[in-house]
Amino acid sequence: MKGERHVGGEIRVLSNLIKRCMDDGMPPETTGMQGWIIGFLHRNEDRDMFQRDVEAEFNIRRSTATGILQLMEKNGFLLREPVAYDARLKKLVLTPKALAVHEGVISRIRATEAQIG
């Protein structure tokens with residue numbers, strides 16, 4: 001009916017507003033997925049993380065992960081470093097540039113949550 005409000009629509013509008021707020025201030029070469037990957041790698045910095053871990057966490061194909069990670073490497077967000085125990089494996093290591101992006105995201109999350117709450 002005319003003038004009715006639906007919870008689903010309100011949630012979608014709120015979700016879009018939060019996403020816009022989070023995207024403000026992100027470096028232009030950074031995508032949302034790259035931000036999620038940076039956060040994932042940061043949360044797991046106490047152990048070696050590999051491409052297969054990113055594939056499993058985000059349920060993406062190897063080719064998709066390869067493209068994203070190569071672009072992140074090209075843009076200076078991560079390095080692939082060999083591990084001593086298996087010459088075939090390259091662990092994913094965040095650069096200081098990626099850590100700065102992560103800190104910015106955390107600040108924006110806190111500011112957004114403060115506005116909402």
In whole Å, how far is the Cα centre of segment 4-19 from that of segment 45-72? 31
Per-residue HN-Hα couplings for segment 97-107 [Karplus 6.51, -1.76, 1.60; θ = phi - 60°; Hz; x = Gly/Pro]: 4, 5, 5, 5, 4, 4, 4, x, 5, 4, 4
In Å², what does the accessible area per residue of the chain work out to with a 1.4 Å probe? 70
Would you be so kind as to identify which of Leu94, Ile60, Phe77 lies farthest towards the positive end of the dipole of segment 21-95, taking Lys and Arg as +1 and Asp and Glu as -1 on Cβ and the Cα centre as origin? Ile60
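Of the heavy-atom accessible surface of the chain (probe 1.4 angstrom), what whole percent is carbon and sulfur?
Whole-percent figure for carbon plus sulfur exposure: 55.
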Once you have all Cα-Cα distances for the chain, histogram them in 5 Å bins from zero and send the whole-percent values. 2, 10, 18, 19, 17, 12, 8, 6, 4, 3, 1, 0, 0, 0
Straight-line reach from Lys74: which aspartates and glutamates have Cα under 15 Å away, leaving out those fewer than 8 places along the same chain? Glu29
Expressed as a whole-number percentage, the relative contact order of the chain with C-alpha contacts under 8 angstrom and at least six residues apart is 28
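The values are calculated or read from the model by the stated rules, or taken from the named source; none is laboratory data. As the structure is a prediction and not an experimental result, all values here were calculated from the model. Quick reminder, even Gly has a Cβ in these numbers, built from the backbone with ideal geometry, and neighbours come from all protein chains shown. Surface areas here come from the heavy atoms of the whole protein model, side chains and all, with no ligands, DNA or RNA. Shrake-Rupley method; radii C 1.70, N 1.55, O 1.52, S 1.80 Å.
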